[in-house]
Amino acid sequence: MLSMLEAPVVETVTPQSQQPLPPPIPKKRKEVETRSPCWDHFEKINDSEGIVIKGKCIYCAKVYCCGTKKHGTSSLRNHIVNCLKNPHSKETRHSLLTFQPAPFSAGTQSSEGTEGVLGTWVFDQDLIRRALAEMIILDELPFRIVEGQGFRKFVLVCCPRFKIPSRWTISRDIFKIFSDERVNLKKFFRTSSQRVSITTDTWTSVQRINYMCITAHFIDSEWKLQKKIISFVPIYSHKGESIAKALESCLLDWDLKSVFSVTVDNASSNDTALGFLKKKLVSWGCTAVRCKYLHMRCIAHILNLVVQDGLKECDSSVKKVRDAVRYVRSSPARLQKFKSLADLFGVEAKNSLCLDVPTRWNSTYMMLNTALLFQKVFEAYDEHDNSFKSDLGGSVPDFLDWESIQSLVMILKSFYEMTVRISGSLYVTSNTFFSEISDLSCLLKNMEEATEDSVKLMGKNMRAKFDKYWGEPGKMNFLIFYANILDPRDKIEYMPIQFNQLYGEDKGKTMFDNVIVGLKELFEDYVACFPIQSVEQSDKSSPSITISDSVSVGRHQSLLKSQIKKQKLVSGDLSRKKTELEVYLSEVIVDEDDSFDLLRWWKQQSERFPVLSKMARDILAVPISTIASESAFSTSGRVLDAFRSSLTPRIVEALVCAQDWLRLTNQPISIEENIDDFERIEKELCSTSSTGVGSSLPTILEEE
């Protein structure tokens, strides 16, 4: 037994691979930086392990639990809004008072005692984003402006809470504005009863893409003249079929099937396009009477052709003045020397020298008119610049050239003023068409009877072009005569004499009779489309006057009267009731007055002439030139310049159309630089630099 107790103990050795592993050391959790904006208003309270468990308001010292797993930051965000000591919560809960100064007109300046409107303002992210998008549309700014450092700093100072969108977001906002305004304009066209008149023209962009602009003109229910660009789309051919299909798709898209007229230039493709469109309008339900007056030729294009033919006779003198102006403007040193001579001779002119576009005679007139003011300076410039005559050679204008230019400017002034009148977009122009061409005919007659051979030859060439378009009265759109008649200051008082002066006595009398017949035909078409219950029908529908025993008074007498009335109508002895057109023409014309408003007069007379006023509303809205569509090309040229040539046609249309729809209707589009202001600023900067202050400003102005 002892041997057994004293036996040695054998130790069991466990392999190293089978030994138990030590418990894993827990990894320290990575601390996540707090990203909630509410921590800008709270102080963090951590536990022993450094974990944020509570937050203390830095304004009122209230403590809220904000554990990550149990609570979160919802209670902190709610407290920010309700904390009475938080200065930022007032902007969220209460509106702020604002003072909006009254807008100034172009000729007034602001002062300290300006009147305005007191209103309220509440921060709204969506409203500010829309205002930003509208600013980019109206001011033709690039989308990248929202990412500019200066713009972001400006917004940070003005409204720190506004979250600036990216340029991709702002482009989507702009397209949404375009879509919303398009829906509203479509709804207006769908609910209104008046017909619209169309102007259209084409333009080629820097991308070498041909765009077609279509503008709708109409007079609204308040008798205000309106114009809206309804399409600005690419067109891949200038053929008549392509133009007609583009017009058709635009009208179908806008559901405009009641088109009254389409004003285009004198291209032959437009004749083909309008012939195709006329058939479409008839298939859409337009009457044949109204389709006769669909094609309206632009008076501005015809006037441009007339003047261009006259300028060919004075081309040598005009070229000499153009070369002299180009020589002076080709170098800053020459221009400065020219201005110094002008100051020396005491020539004070508001406008500076400007070059013309040879194909646009109105720019030629402005160049010649300005150059005449500096005639003495040009004559003396040769003595102060030795290379003036050597470089120009025989192109230096002499005394005879200046005499020719002076007589030419006097002639072109009448044409220029006429062009300005017919190019207006804020007032009705169709009523002046016939008067303008009558005055133009008188002007050409005086030129043909002039003593100077050059003026006589110029008048002869202009008369030939005038007779090509307006010499044959049967080819003219009679709407220009109807619009003149619907002006209560003219009516038919002077029209027979005007026709005799234009076409002779025999042809003039026939023309006048045809105009009256056509006007009555168009009026009857309007009566059929807008039936108005006559006074006699309303009298028959009224209850008859009876006495207590229900016996009608004078029954046998009324039967006798009706029989006599029928007999007189058959024999023609009884005069019928006059129509609205006949009543209007029989009344005395309205006196000429500078304050007379044609649309306001028709608005006041619309109850007396319910049908005739609808016809006047459509005819007076007809534009006589395509200037409205052409003015859109200057806007599109700035929208789609060399630095933004990657814009798609769809976004270009959105920018051009939305700008036209958002722009104030009572302000004309100004696309020319104000040279007077540049001259004044330059003189002020030069005088400032001479005193040693701001000497670099004139250089900056030249770079701009």
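A few remarks follow.
- The criterion of at least 3 residues that are within 28 Å of the chain's Cα centre (by Cα) is met by the following helices (runs of 4 or more DSSP H) wholly inside the stretch 117-197: 125-138, 167-191.
- Those residues of the stretch 204-227 which are surrounded by fewer than 19 Cβ atoms within 10 Å (Cβ to Cβ), in contact (Cβ under 8 Å) with a residue 12 or more places away in the chain and part of a strand (DSSP E or B), in sequence order: N210, Q226
- Hits in the stretch 279-302 (condition: of a type outside the set (D, E, K, R), touching a residue at least 40 places away in the same chain (Cβ under 8 Å) and more than 16 Å from D525 (Cα to Cα)): H295, M296, C298, I299, A300, H301, I302
- Residues within the stretch 353-384 that are modelled with pLDDT of 80 or more, more than 41 Å from the chain's Cα centre (by Cα) and either of a type in the set (D, E, K, R) or not in a helix (DSSP H, G or I) (or both), tallied: 2
- Whichever residue in the stretch 446-487 is among the β-branched types (V, I, T) and not assigned by TED's automatic domain parsing to the domain that holds Q406 and, among such residues, is surrounded by the most Cβ atoms within 10 Å (Cβ to Cβ): I480
- Within the stretch 399-426, considering residues that are in a loop (DSSP other than H, G, I, E, B) and in contact with a helix residue (DSSP H, G or I) (Cβ under 8 Å, 6 or more places away or on another chain), the one surrounded by the most Cβ atoms within 10 Å (Cβ to Cβ): S423
- Inter-residue pairs, beta-carbon under 9 Å, first closer than 18 Å to Y469 by Cβ and in the stretch 500-512, second of a type in the set (K, R) and surrounded by fewer than 19 Cβ atoms within 10 Å (Cβ to Cβ), 6+ apart: Q501/K445
- Scan of the stretch 322-358 for residues that are in contact (Cβ under 8 Å) with a residue 40 or more places away in the chain and farther than 16 Å from A380 by Cβ, ordered by number: R322, D323, P332, K350, N351, S352, C354
- The set of residues in the stretch 67-91 being touching a residue at least 24 places away in the same chain (Cβ under 8 Å), surrounded by 12 or more Cβ atoms within 10 Å (Cβ to Cβ) and assigned to a loop (DSSP other than H, G, I, E, B) consists of T73, C83, N86, H88.
- Residue list for the stretch 310-342, restricted to those being at pLDDT below 85 and among the acidic types (D, E): E313, D315
- Matching residues, the stretch 447-470, being in contact with a helix residue (DSSP H, G or I) (Cβ under 8 Å, 6 or more places away or on another chain) and not in a helix (DSSP H, G or I): E449, A450, E452
- Unmet requirement for D490, which otherwise passes all of (1) surrounded by 16 or more Cβ atoms within 10 Å (Cβ to Cβ); (2) free of Cβ contacts under 8 Å to residues at least 24 places away in the same chain: (2)
- Filter result for the condition that a residue is part of a loop (DSSP other than H, G, I, E, B), outside the structural domain of I219 (by TED's automatic domain parsing) and at pLDDT 85 or above, over V517, V527, V583, V588: V588
The values are calculated or read from the model by the stated rules, or taken from the named source; none is laboratory data. Every value quoted in this text rests on a predicted model; they were computed, and no experiment measured them. So basically every Cβ, Gly included, is an ideal-geometry build from the backbone, and we count neighbours across all protein chains shown.
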